[in-house]
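J.: Have a look at this one before I ask anything.
The values are calculated or read from the model by the stated rules, or taken from the named source; none is laboratory data. These numbers come from a predicted model, not from an experiment. Cβ atoms come from the backbone with ideal geometry, glycine included; neighbour counts cover every protein chain shown.
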Amino acid sequence: MSAASPPAAGPCRVRAVVFDTDGVLIDSAGLHAAAWQEAFDACLAAVGGQRPFDPVDDYLRFVDGRSRMDGAAAFLASRGLRLPPGGPGDPPGTGTVAAVAARKDEAFTARLRERGAPAWPGSVRLLRALGAAGVRCAAVSASRHATELLSGAGLLPLLEVVVDGKEAARLGLPGKPDPALFTEAARRLGVPPRDAAVVEDAAAGVEAGRRGGFGLVVGVARGGGPEHAAELRRRGADVVVGDPGDLPAPGAAR
């Protein structure tokens, strides 16, 4: 796995790859977007005079790749809604940022149990090719459901490390665009970021990979159109692909 002349990091020999989970490894971004739409539209209806949440543009701009609290706060602030933060014990509702985030989690969990979330076939091919070449692989996610998703999709045997939202909360790791999730995964793999790649579909995640000093940052633009691909490049992606399976097969690791 390589890229020609990455603009920010220079060429690197990739010894490890850290993948985002939702939208990159697992086809779950649509479930997240629909759950956010349910939670935010209830909140917007409560105040009146607001256009509904856009599950494509608003999702990509404000919540994709972020923790629930960070995403909820960012979107609500974009509409001029300054709700009190609330706390982790707030029940699902519209009165605090935590309540909106809890409503999103409730809606997502219901959809996940009803529909499931499969792995992306191209990503599975890439994981298997990387493993065969001796390239170490990890997955990260701001979602507390990530390990459950990866297990349900049969991907855990292909990953050496998973740093999910539960682990991030335990360690007090800040969310993207801070690189802490990625650098923690690289640390657990025993590979310095300069010798590792990040594969991300969220602009905040691409920025995190660039800020973390990773030798290669791959943006994945599945359904956001050319504007999303351009934003991924602007935020620091060395290369943008429609699917991780489009990446060239790696050579043997050294």
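J.: Residue by residue through segment 208-223, note down the ones that are in contact (Cβ under 8 Å) with a residue 40 or more places away in the chain, assigned to a loop (DSSP other than H, G, I, E, B) and surrounded by fewer than 23 Cβ atoms within 10 Å (Cβ to Cβ).
T.: Of everything in segment 208-223, those that are in contact (Cβ under 8 Å) with a residue 40 or more places away in the chain, assigned to a loop (DSSP other than H, G, I, E, B) and surrounded by fewer than 23 Cβ atoms within 10 Å (Cβ to Cβ) turn out to be G213, R222, G223.
J.: Quick one: D54 ticks every box in (1) buried (at least 17 other Cβ atoms within 10 Å of the Cβ); (2) at pLDDT 95 or above; (3) within 20 Å of L31 (Cβ to Cβ); (4) acidic (D, E) except a single one, so which number is it?
T.: Unmet condition: (1).
J.: Has segment 168-175 got any residue that is surrounded by 16 or more Cβ atoms within 10 Å (Cβ to Cβ), in contact (Cβ under 8 Å) with a residue 24 or more places away in the chain and closer than 18 Å to E200 by Cα? Outline the logic, then answer.
T.: Our first condition is that a residue be surrounded by 16 or more Cβ atoms within 10 Å (Cβ to Cβ); within segment 168-175, this holds for 168, 173, 175.
So of that shortlist, the ones also in contact (Cβ under 8 Å) with a residue 24 or more places away in the chain come out as 168, 175.
With the extra rule that they be closer than 18 Å to E200 by Cα, the set shrinks to 168, 175.
Among the residues of segment 168-175, at least one is surrounded by 16 or more Cβ atoms within 10 Å (Cβ to Cβ), in contact (Cβ under 8 Å) with a residue 24 or more places away in the chain and closer than 18 Å to E200 by Cα, which makes the answer yes.
Yes/no per residue for (1) out of contact with any helix residue (DSSP H, G or I) (no Cβ under 8 Å at 6 or more places or on another chain); (2) among the hydrophobic types (A, V, I, L, M, F, W, C); (3) touching a residue at least 40 places away in the same chain (Cβ under 8 Å); (4) not in a helix (DSSP H, G or I):
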site: R103; (1), (2), (3), (4): no, no, yes, no
site: T109; (1), (2), (3), (4): yes, no, no, no
site: L112; (1), (2), (3), (4): no, yes, yes, no
site: C137; (1), (2), (3), (4): no, yes, yes, yes
site: T147; (1), (2), (3), (4): no, no, no, no
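J.: List pairs: first in segment 189-207 and under 22 Å from A33 (Cβ atoms), second part of a helix (DSSP H, G or I) and acidic (D, E), Cβ under 6 Å, 6+ apart or cross-chain?
T.: Going by the 6 Å Cβ cut-off, the qualifying pairs are A203/E231.
J.: Could you please tell me which pairs satisfy a Cβ distance under 9 Å, a separation of 6+ or placement on different chains, a first residue in segment 30-48 that is without any contact (Cβ under 8 Å) to a residue 24 or more places away in the chain and closer than 17 Å to S143 by Cα, and a second residue that is in a helix (DSSP H, G or I) and among the aromatic types (F, W, Y)?
T.: Q37/Y59
J.: Could you please let me know if A34 is closer than 30 Å to D246 by Cβ and touching a helix residue (DSSP H, G or I) at 6+ places or on another chain (Cβ under 7 Å)?
T.: So A34 fits the description; yes.
Quick grid of which residues meet (1) within 23 Å of the chain's Cα centre (by Cα); (2) at pLDDT 95 or above:
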| site | (1), (2) |
| --- | --- |
| L25 | yes, yes |
| A45 | no, no |
| V63 | yes, no |
| G89 | no, no |
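J.: A follow-up question, please. Working carefully through the options A110, A102, find the one that is at pLDDT 95 or above and either under 16 Å from R144 (Cβ atoms) or within 22 Å of the chain's Cα centre (by Cα) (or both).
T.: From the options A110, A102, the qualifying one is A102.
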